[in-house]
Amino acid sequence: MIAELLPTFVASFVTLFIVIDPILVTPIFASLTKDELPRERLRIALMAAFYSILILVFFGFAGNALLHHLGVSLDAFRAAMGIILFIMGFRMFFDPDSETQAKTPGPKASARDNIAFFPLSIPMLAGPGAIATIMLVMGPDTAMIEKGAAMVAVVIVLGIAVLMMSFASRIGDALGRTGMNAITRLLGMLLMALSTQYVFDGIRVGILEQISAA
């Protein structure tokens, strides 16, 4: 039984690890939480992983049916999430400090509780690539036990992400404010490029499907 599920697990783990990319998320996490205490950073990382698991479980088991019911294709969903990623990358590139303004005292202080959900969970950990991947891996024709193996892969990948984010403060201390802003701008540029690819892929595949259907 385990030998039969191993290929599904390995494929899901490798794909999700590449798509979620905890290595890319870690410096962003360090930038967003550089003013927080270590215990608060760990809490935010755990909550981000928890939200991401809930999101990926939902879309894994009900995503295809939900999009079909709404008349929305997976490619349109990918393009929409790509736009969200682009906006986030734009802000990171041109104004890296804007991503941490919610944590400063004032009217926006209550927004610090949302960091775990946005932008860490959505669109970083459980972004369009991860959602699209889990929806493809856990398609309508996939056996329930194989879906379980895919979800185990999700939990392990997010566990690795939490472990890496727990060391993010050391990265921030080593680089300093100037270094973190430089990395934030670089990652913002990469996010804009990645999100543009998501939009292009969604539009391209969607148009091809329309042409094929015609």
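Values in this text are rule-based calculations from the coordinates and carry no lab data. All values reported here derive from a predicted model rather than from experimental measurement. Here Cβ is always computed from backbone atoms with ideal geometry, including for glycine, and neighbour counts include all displayed protein chains.
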At R0 = 41 Å, FRET efficiency that the Cβ-Cβ distance of ILE87 and LEU6 yields, to 0.05
0.55
Given +1 on the Cβ of Lys and Arg, -1 on the Cβ of Asp and Glu, and no further charges, what dipole in debye does the chain carry about its Cα centre, rounded to the nearest 20?
560
J(HN,Hα) series, region 156-163, from Karplus relation 6.51 cos²θ - 1.76 cosθ + 1.60, nearest Hz, glycine and proline x
5, 4, 5, x, 5, 4, 4, 4
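Suppose the chain between ILE207 and ALA193 were pulled fully straight at 0.36 nm per residue; how much longer would it get relative to their current alpha carbon spacing? Could the numbers behind the result be given before it?
Numbers: separation 14, 0.36 × 14 = 5.04 nm, distance 2.10 nm.
Answer, rounded to one decimal: 2.9 nm.
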Once both labels are modelled 7 Å past Cα along the beta-carbon direction, what's the LEU37-ALA62 spacing in nm?
3.7
With the crude spin-label approximation of a point 7 Å out along Cα→Cβ, what separation in nm comes out for ALA76 versus ASN181?
4.2
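By how many nm would the segment from VAL14 to HIS69 grow when fully extended, if each residue of separation counts as 0.36 nm and the alpha-carbon distance is taken off?
Numbers: separation 55, 0.36 × 55 = 19.80 nm, distance 3.02 nm.
This chain segment gains 16.8 nm when fully extended.
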Using θ = phi - 60° and Karplus 6.51 cos²θ - 1.76 cosθ + 1.60, couplings along region 141-146 (whole Hz; Gly, Pro as x):
8, 7, 5, 4, 5, 6
Hey, with R₀ at 45 Å, roughly what FRET efficiency would ASP95 and ILE145 work out to, going by the Cβ-Cβ distance, to 0.05?
0.40
Normalise the Cα radius of gyration of the chain by 2.2 N^0.38 Å (N = residues in it) and let me know the number.
1.07
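Could you give the alpha-carbon Rg of region 117-185 over 2.2 N^0.38 Å, rounded to two decimals? All intermediate terms of the calculation are to be shown ahead of the outcome.
Details: Rg = 16.2 Å, N = 69, 2.2 N^0.38 = 11.0 Å.
Against the compact-globule rule of thumb, the ratio is 1.48.
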Tell me what the chain gives for mean residue ellipticity at 222 nm when only DSSP H runs of n ≥ 4 count, each as -39,500 (n - 2.57), the sum divided by the residue total, rounded to 500 deg cm²/dmol.
-25000 deg cm²/dmol
Show me, for region 53-65, the HN-Hα J-couplings you get by feeding each phi into the Karplus relation (A = 6.51, B = -1.76, C = 1.60, θ = phi - 60°), rounded to Hz, glycine and proline as x.
4, 4, 5, 6, 5, 4, 6, x, 8, 10, x, 4, 5
